[in-house]
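Trainee: First, the structure itself, so that you have it in front of you.
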Amino acid sequence: MEKRTRHVNLHFRVTPEEKEKIQGIMKEYHCNDFGQYARRMLLAGHILILDWKEISNIRRQIAGIATNINQIAFRVNATHRIYYDEIRQLQNQLTEIFRLLNLYAEVFEKLDDLLDKVSD
């Protein structure tokens, strides 16, 4: 048997229209569990939905660049030679990583600002 941490039941009545409105809001927030939705709304007064697509895209781009850098480093370590084009490529890729990290920082700064507004 599962161990429950919540033992107190709360019940309330709504009209069919109110129920439909609540279900619409839950669907908008991608929340399928009414209990979870109700707890968040009653305790915090809001639900915060975050879209991590932008951060995932940045991470994927940085990982791709890191793979390219590792391939060059592996070859340089094996042959003990590096070419001017490879140095330029490494410089460009490092510049791109710094650009992506700045984007990453901007996203988290926006998130921090949003969390500050929500917690007020």
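The values are calculated or read from the model by the stated rules, or taken from the named source; none is laboratory data. All values derive from a computational prediction rather than experimental measurement. Cβ sites come from the backbone with ideal geometry, for glycine too, and all protein chains shown count toward neighbours. Keep in mind that these areas ignore ligands, DNA and RNA; they rest on the heavy atoms of the full protein, side chains included. Shrake-Rupley method; radii C 1.70, N 1.55, O 1.52, S 1.80 Å.
Trainee: Do we have HIS80 as open to solvent by 100 Å² or more (accessible area, probe 1.4 Å) and at positive phi here? Give the steps one after another, and end with the answer.
Mentor: Working: open to solvent by 100 Å² or more (accessible area, probe 1.4 Å): yes; at positive phi: yes.
The answer is yes for HIS80.
Trainee: Pick out the one residue from GLN71, GLN61 that is exposed (fewer than 12 other Cβ atoms within 10 Å of the Cβ) and part of a helix (DSSP H, G or I).
Mentor: Every option except GLN71 fails the conditions.
Trainee: Of the residues that make up region 31-54, is at least one farther than 30 Å from LYS19 by Cα and in contact with an Asp or Glu (Cβ under 9 Å, 6 or more places away or on another chain)?
Mentor: Checked against the condition, which is being farther than 30 Å from LYS19 by Cα and in contact with an Asp or Glu (Cβ under 9 Å, 6 or more places away or on another chain), region 31-54 yields no hits at all.
Trainee: Being assigned to a loop (DSSP other than H, G, I, E, B) and open to solvent by less than 100 Å² (accessible area, probe 1.4 Å) is the filter here; which residues of region 1-52 pass it?
Mentor: Of everything in region 1-52, those that are assigned to a loop (DSSP other than H, G, I, E, B) and open to solvent by less than 100 Å² (accessible area, probe 1.4 Å) turn out to be VAL14, THR15, TYR29, CYS31, ASP33, GLY45, HIS46, ILE47, LEU48, ILE49, LEU50.
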